[in-house]
1. Under 6 Å between Cβ atoms, at least 6 apart or on separate chains: pull out the pairs that start in the stretch 121-133 with a residue that is within 29 Å of ALA14 (Cα to Cα) and end on any residue that is part of a loop (DSSP other than H, G, I, E, B) and more than 11 Å from the ligand (Cβ to nearest atom).
2. Conditions: (1) within 30 Å of ALA360 (Cβ to Cβ); (2) hydrophobic (A, V, I, L, M, F, W, C); (3) free of Cβ contacts under 8 Å to residues at least 40 places away in the same chain; (4) within 16 Å of the ligand (Cβ to nearest atom). VAL262 meets all but one. Number of the miss?
3. Restricting the search to the stretch 67-88, which residues are part of a loop (DSSP other than H, G, I, E, B), more than 10 Å from the ligand (Cβ to nearest atom) and surrounded by 18 or more Cβ atoms within 10 Å (Cβ to Cβ)?
4. What are the residues in the stretch 324-348 that are among the aromatic types (Phe, Trp, Tyr), surrounded by 22 or more Cβ atoms within 10 Å (Cβ to Cβ) and within 11 Å of the ligand (Cβ to nearest atom), if any?
5. Which residue, of ALA281, ALA311, ALA303, ALA299, is within 13 Å of the ligand (Cβ to nearest atom), in a helix (DSSP H, G or I), hydrophobic (A, V, I, L, M, F, W, C) and in contact with an Asp or Glu (Cβ under 9 Å, 6 or more places away or on another chain)?
6. All but one of (1) within 21 Å of the chain's Cα centre (by Cα); (2) outside the structural domain of ASP89 (by TED's automatic domain parsing); (3) more than 11 Å from the ligand (Cβ to nearest atom) hold for PHE274; which doesn't?
7. Mind listing whichever residues of the stretch 140-153 are closer than 28 Å to GLY13 by Cα and loosely packed, with under 15 Cβ neighbours inside 10 Å?
8. Looking at VAL372, VAL359, which is the one that is surrounded by 16 or more Cβ atoms within 10 Å (Cβ to Cβ), at pLDDT 90 or above and more than 30 Å from THR112 (Cα to Cα)?
Amino acid sequence: MESGTRSDVLIAGASVAGLTTARTLRDEGFPGTITMIGDEDALPYDRPPLSKQILTGKWDVEESALCSEADLDRLGVRLLLGTAAVSLDLPGRVVTTASGGELRYGTLVVTTGTSARRPAYGAGLGGVHLLRTRADATALRGDLATARHAVVAGAGVLGSEIAAALREIGVAVTLVGRSRHLRLGLAGDLLSPLIGRLHRANGVDLRLGEEVAGLRGDDRVSAVVLSGGDVIETDFVVAAIGCVPNTGWLTSSGLDVSDGVVCDLAGRAAPGVFAAGDVAAWTDPRTGVPVRVEHQLNAAEQARLVAGTIATGTTPTAPPVPFFWSELFGTRIQVYGHGDGDGTSLDTIAGDAGSGRFVAAVQRDGIVTGIVGWNMPRDFRAARAHVGRPAAELSRL
Ligand SMILES: Cc1cc2nc3c(=O)[nH]c(=O)nc-3n(C[C@H](O)[C@H](O)[C@H](O)COP(=O)(O)OP(=O)(O)OC[C@H]3O[C@@H](n4cnc5c(N)ncnc54)[C@H](O)[C@@H]3O)c2cc1C
């Protein structure tokens, strides 16, 4: 693309939030020019299968594609792959790319997502993996052909998903977590005992409250040393220790990027600039606090709202209620709203935890803040209407 070319909408970040922005703009009848840039080489793809169907070998990486080139042509979206934004001139409305190109825009939508946090250990050592991109998944699958034992570091949802997928294909797994609790997305640590039970029942060696203190091995990792002193022999390590928002290119722009791109309650970061998805911190109107949510459906929903605002001028009055799902050992776990924070409690309103199927309401100060579904998708859907309503109105489904 020529330096200085102007697009009516420039989308920086070519993944679920970026693609959903472009699609919704066209659905809403937006007639202007749209350019989307992405620093990866692949067409937009879905990340959730990386730790599920792709890790277990049920899918090839290509099956996670979210669109084809023909789809983008039909949408009239110009996509520049392998193109990283490196800076933003806010008053001049220009994004500069790594090759020195200048992309002018009328409206910018920032959808640059997050990157996997790198651990302090393992630099230069083979067999130490992250899992955020297709390239990461391909590298990890390459190690699985001969591997018998893995150490997964991280007690969050990704660590649990990777442990579950590896157990499914017969790899012995030690799951190490600094926290004493297993956290699961929007449910925080409320489900930790249940998830711990699932892991143990499926043979995962859980080492909670411990950290990876160091690695052994010459050119490849051969063992992990835990903070408690135990040494675990392993064929590879996967570090799933959180994400960092991709805002490095915005640090000198004048935007507030203290934790992601800080936005108002409609995703606006500055005049002519919006942000959506994992990188965006939309202000919660109830608390006035910007919140970043790292979940797929939230990324898509924010992108739809931003595109609607750009195309029609209608501004949403509240951010979307976050919605998250995961799958562990064949158990479908869904969370709508928030389950995290002090003073929350969980009340079962359908099924029961002992039977492996239930729906529960999370409440704080007498208000339902979230709904958790555990292998009960239909009842979960019905219960979502309770979020934001008094807990006194809850009854068994
Ligand atoms: C393995 C895995 C499993 C997951 N499973 C689930 C799940 O089960 N349920 C769920 O709700 N969520 C899940 N998620 C989270 C979900 O994938 C994210 O919420 C979603 O991908 C966010 O989309 P996004 O478009 O905001 O950002 P991203 O998907 O992070 O995409 C951002 C894109 O922008 C690119 N980029 C970054 N910087 C620049 C730059 N300077 N210039 C140009 N391009 C740039 C990035 O390379 C990337 O391609 C999972 C994530 C992973 C990694």
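The values are calculated or read from the model by the stated rules, or taken from the named source; none is laboratory data. In this text the structure is predicted, and so the values were computed from the model without any measurement. For neighbour counting, all protein chains shown are included, and Cβ atoms are generated from backbone atoms with ideal geometry for every residue, glycine included.
1. Once the first residue is within 29 Å of ALA14 (Cα to Cα) and sits in the stretch 121-133, its partners that are part of a loop (DSSP other than H, G, I, E, B) and more than 11 Å from the ligand (Cβ to nearest atom) give GLY127/VAL221; VAL128/GLY122; VAL128/VAL221.
2. Only one criterion is unmet by VAL262, namely (1).
3. CYS67
4. Within the stretch 324-348, PHE324 is the sole residue that qualifies.
5. Selected residue: ALA299, the only one of ALA281, ALA311, ALA303, ALA299 that is within 13 Å of the ligand (Cβ to nearest atom), in a helix (DSSP H, G or I), hydrophobic (A, V, I, L, M, F, W, C) and in contact with an Asp or Glu (Cβ under 9 Å, 6 or more places away or on another chain).
6. Here PHE274 clears every test but (2).
7. Within the stretch 140-153, just GLY142 meets the criteria.
8. Criteria check complete, one pass: VAL359.
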